[in-house]
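All remarks here apply to the structure that follows.
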Amino acid sequence: MNNLANKLSTIFLLAPLAAAAVCGAGSQPRHTPHVSHGVCRDSIILSDPAVLADARTATYYMTGTGGLLWKSKDLSKWDGPYEVAEPDTTSWMGSNPQIWAAELHEHDGKYYYFATFTNNKTIIEENKNGKVPRRASHILMADSPDGPYRPVSDADYLPADRPTLDGTFWNENGKSYMVFCGEWLHNDIGTMEAIQLAPDLSKPIGTPDTLFHASDSPWSREIINGKETTNRVTDGPWLFRTGTGRLGMIWTSWIHKDYTMGVAYSESGSIKGPWIQEKEPITPPNYGHGMIFRDLEGHYILSAHSHSVVNGRYIRRPTFWLIDISGNSLRIIDKLN
């Protein structure tokens, strides 16, 4: 396993759950359990930021890796973090699961919390990449965006014998799906997959379908044994429709040492694809794991995190861009301050 792959497998373990500096009021210690108010967005350390704009409460709710929740009225100043996830600790997740890439989705009057849970005490396989723990996405539910979020059911949504991650929600023609990544640690081939869900999202229907492989991307590359090749990593899917009805998916991989986001479009207009990869990435180097939301004024916003290394540690902060999807493709307009 090369250094890049090793870094990726531990990246979420090294990133702090949340740390912030209150605007004009000094700094808070890392991992503080206390809620702060008026926190500047650019001082929050958070991987995989996902934002729900809730019209009922006129509030933005942001979560991500670590599973904590931040609230804002203007996308600039935030209150938090709050603990809102209550997974079943008697399940396969164990008593203290890691929570990665949490997302909030409103569906049929309820709020759903899609997140990846990792139980490092349960090893499902050991291969040349090392010991692989039990890791999969699960769905929690609440009556309000504030939570608390508890499991919809005790069903296994994804296969137990291989690592999967970054489950997201998509509804198409009245059918609900979880779109997720098959982790490259399993067999060195990262995949993007989808599985249909029951109408109440309580269980999967059928088995996963592979949508595409990391190697299908013309832009994601890595060096293995001194030779450049296609990258193995699939990360952070998010689906959207353009103004013309075209179905797109943003997702993230690497270009050598640079964490980068690209986009694919479904030729059929359906989740089934085939998915055609754009030739060039859509973000500058070292931004990734994105999602798209519509702000309370109707603008479309791309949320992602910046990626940097400071004193050997990965540091990631929420970053927002104003985008245009009114035409046939996604276009980034400007980065928000």
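The values are calculated or read from the model by the stated rules, or taken from the named source; none is laboratory data. All figures in this text were calculated on a predicted structure; none of them were measured in a lab. So basically every Cβ, Gly included, is an ideal-geometry build from the backbone, and we count neighbours across all protein chains shown. With ligands, DNA and RNA removed, areas are computed over all heavy atoms of the protein, side chains included. Shrake-Rupley method; radii C 1.70, N 1.55, O 1.52, S 1.80 Å.
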Task: With every protein chain in place, segment 268-337: carbon and sulfur % of accessible area (1.4 Å) - done: 49
- [ ] Provide the gained length on full extension for the span residue 299 to residue 161, in nm with one decimal, where the gain is 0.36 nm per separating residue minus the Cα-Cα distance.
- [x] 45.5 nm
Task: Orientation-averaged projected area, Cα convex hull of segment 98-216 (nm²) - done: 7.7
Open item on the list: Per q in 0.12, 0.21, 0.24 Å⁻¹, report the Debye log10 I(q)/I(0) for segment 254-337, using one uniform scatterer on each alpha carbon and no solvent.
Closed with: -0.42, -1.07, -1.24
TODO: Write out the chymotrypsin sites (Phe, Trp or Tyr not before Pro) in segment 299-337 meeting two conditions: DSSP loop, and at most 14 other Cβ atoms within 10 Å of their Cβ.
DONE: none
Task: Assigned charges on the beta-carbon of Lys, Arg, Asp, Glu; segment 34-174 dipole about Cα centre (debye) - done: 360
Open item on the list: Suppose each label sits 7 Å from its Cα in the direction of the beta carbon; what would the residue 309-residue 55 distance come out to in nanometres?
Closed with: 4.5
- [ ] Estimate the FRET efficiency between residue 91 and residue 332 by the formula 1/(1 + (r/R0)^6), using the beta-carbon distance for r and 41 Å for R0, to the nearest 0.05.
- [x] 0.55
Task: Distance cut-off 28 Å, percentage of C-alpha pairs in the chain lying past it - done: 37
Open item on the list: For segment 225-337, what does the accessible surface come to per residue with a 1.4 Å probe? Please give it in Å².
Closed with: 45
Task: DSSP-loop trypsin sites (Lys or Arg not before Pro) across segment 98-179, with at most 12 other Cβ within 10 angstrom - done: 128
- [ ] Beyond 18 Å between alpha-carbons counts as too far, so tell me which of 227/257; 175/272; 110/203; 110/175 fall in that bin.
- [x] none
Task: Fraction of accessible area attributable to carbon and sulfur, segment 42-126 (%, probe 1.4 Å) - done: 44
Task: Label point distance in nm, residue 128-residue 175, each placed 7 Å from Cα along Cα→Cβ - done: 3.7
Task: Gained length - residue 40 relative to residue 210, 0.36 nm times residue gap less alpha-carbon distance - done: 57.2 nm
TODO: Before rounding to the nearest 500, sum -39500 (n - 2.57) across all DSSP H runs of length at least 4 in the chain and divide by the residue total; then give [θ] at 222 nm in deg cm²/dmol.
DONE: -1000 deg cm²/dmol
Open item on the list: Once you order the gyration tensor axes a ≥ b ≥ c over the Cα atoms, which shape class does segment 148-254 get: rounded for a/c under 1.5, otherwise prolate or oblate by comparing a/b with b/c?
Closed with: oblate
Open item on the list: Could you tell me how far the Cα centroid of segment 51-94 sits from the Cα centroid of segment 195-259, in Å?
Closed with: 24
- [ ] Please give, to one decimal in nm, the separation of the simple spin-label points placed at residue 276 and residue 146, each 7 Å out from Cα toward the Cβ.
- [x] 4.8
Task: Relative compactness, segment 291-337, computed as alpha-carbon Rg over 2.2 N^0.38 Å - done: 1.39
